[in-house]
Amino acid sequence: MNRVFSYKNFRVLNSILMLILVIATLFPFLYMIAVSFSDYRAVGRGEVFLIPVNPNITSYTQILGMSKFYMSYLNTIFYTIVGTAISLVLTIICSYPLSKKHLLGGTVILKLIVFTMFFSGGLIPNFLLLRDLDFINKIWAILIPGAISAYNVMIMKTFFQGIPSALEDSARIDGLNDIGILVWIVIPLSKAILATIGLFVAVWIWNDWFMALIYLPKAENLRPVSLFLRNIVYGAYNQIRAGNVLDSKDANTVPETIQAATIVLISIPIIIVYPRIQKYFAKGMMIGSIKG
């Protein structure tokens with residue numbers, strides 16, 4: 001009886017805790033939505049909480065009227081799709097051989113990869129390297145530097161080690177070589193871990209603006225939408241200090257509403273995509289962490 005009562009108490013407390021976490025997670029985004037649709041006067045007076053005050057779409061029409069927004073949005077979509085594909089391919093190529101115990105020098109290579117997780121050259125050496133490679137102000141400055149992660153390699157290597165060797169031996173008897181085994185046997189069995197790592201990489205690329213700020217100083221037509229948002233926030237801060245609106249042609253909006261509208265528009269694709277691959281995310285993290 002006490003055990004049943006204790007379990008019920010645990011479920012109640014657990015539900016309350018999860019509800020608090022959900023509210024804490026949703027509150028910033030709901031607040032941004034309310035601000036983006038609210039009247040600028042109400043925002044300035046601090047009257048907006050979770051429900052828009054005097055709703056309007058002025059902020060959205062102003063943002064959607066900027067040609068740079070569409071250009072940067074398309075750039076981000078391109079970087080996310082191509083960058084994620086490059087990252088997955090390179091991670092597979094690196095982690096699959098390392099998962100084999102008979103790989104010559106595999107232990108040394110693995111230690112060198114782990115070393116990079118704790119030590120790196122830093123920003124200046126990376127910039128000088130990309131400059132010497134003639135990557136500055138080119139799309140490769142965004143796609144190549146972060147294409148492979150030691151952490152992702154370790155997770156995928158652990159997953160590959162959990163695949164029964166009997167499957168590969170059977171495929172080898174049927175005439176498949178190592179590349180054929182990887183393409184036709186291993187990769188189809190790795191959808192969960194590929195979706196997990198793909199989500200990590202895609203979200204990181206989508207949200208990253210610092211690399212574009214450093215490596216694309218003159219290529220405005222190649223900048224991602226996250227840098228567009230950063231410039232909006234930075235410009236809005238200066239406008240607030242100066243007491244002006246962001247665009248003098250439209251006095252019906254203030255910087256806070258522009259920021260909120262931009263954040264909402266940028267967040268929509270991730271919100272749409274994430275629930276579709278969430279089942280693979282949880283499964284991939286568990287398999288990649290306990291097997292091997």
Legend entry - Cα gyration tensor shape of region 106-153, rounded if a/c is under 1.5, else prolate or oblate by comparing a/b with b/c: prolate
Legend entry - Highest-MSF residue in the chain out of Arg45, Arg11, Arg131 [GNM, Cα springs under 10 Å]: Arg11
Inset, instruction - Using only Cα atoms, figure out Rg for region 52-101 and give it as a multiple of 2.2 N^0.38 Å. - result: 2.09
Legend entry - Full-extension gain in nm, Ile23 to Tyr73, via 0.36 nm per residue minus C-alpha separation: 15.1 nm
Inset, instruction - Using a/c under 1.5 as the rounded threshold, could you call region 17-87 rounded, prolate or oblate? The axes a ≥ b ≥ c are square roots of the C-alpha gyration tensor eigenvalues, and prolate needs a/b larger than b/c, oblate otherwise. - result: oblate
Legend entry - In order through region 115-123: 3J(HN,Hα) via Karplus (6.51 cos²θ - 1.76 cosθ + 1.60), integer Hz, x for Gly, Pro: 4, 5, 6, 10, 9, 9, x, x, 5
Inset, instruction - Would you kindly derive the ³J(HN,Hα) couplings of region 260-270 from the backbone phi angles with the Karplus curve 6.51 cos²θ - 1.76 cosθ + 1.60 (θ = phi - 60°), listing them in order in whole Hz, with x for Gly and Pro? - result: 4, 5, 5, 4, 4, 5, 6, 7, 4, x, 5
Inset, instruction - Set the Förster distance to 25 Å, then compute FRET efficiency between Trp204 and Ile179 from the Cβ-Cβ distance, nearest 0.05. - result: 0.30
Inset, instruction - Mind sorting Phe29, Phe37, Phe127 by how few other Cβ atoms lie within 10 Å of their own Cβ, fewest first? - result: Phe29, Phe127, Phe37
Inset, instruction - Rank these for me by crowding, Tyr96, Tyr31, going from fewest to most other beta carbons within 10 Å. - result: Tyr31, Tyr96
Legend entry - Normalised alpha carbon radius of gyration of the chain [divisor 2.2 N^0.38 Å]: 1.27
Inset, instruction - Set the Förster radius R0 to 22 Å, insert the Cβ-Cβ distance between Asn231 and Leu64 as r into 1/(1 + (r/R0)^6), and round the FRET efficiency to 0.05. - result: 0.85
Legend entry - Modelled label reach - Tyr151, point 7 Å along Cα→Cβ, region 199-222 residues with backbone N closer than 18 Å: 199-211
Inset, instruction - Report ³J(HN,Hα) in whole Hz for each residue of region 176-187, in order, from the Karplus equation J = 6.51 cos²θ - 1.76 cosθ + 1.60 where θ = phi - 60°; Gly and Pro get x. - result: 7, 8, 4, 5, x, 5, 4, 6, 9, 10, 6, 4
Inset, instruction - Compute the separation of the alpha-carbon centres of region 172-204 and region 83-99 and state it in Å as a whole number. - result: 9
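Read the figures in this text as sums done on the coordinates, not as results from a lab. What you see is a predicted model; the values in this text were computed from it and never measured. Cβ: placed from backbone, ideal geometry, glycine included. Neighbour counts: every protein chain shown.
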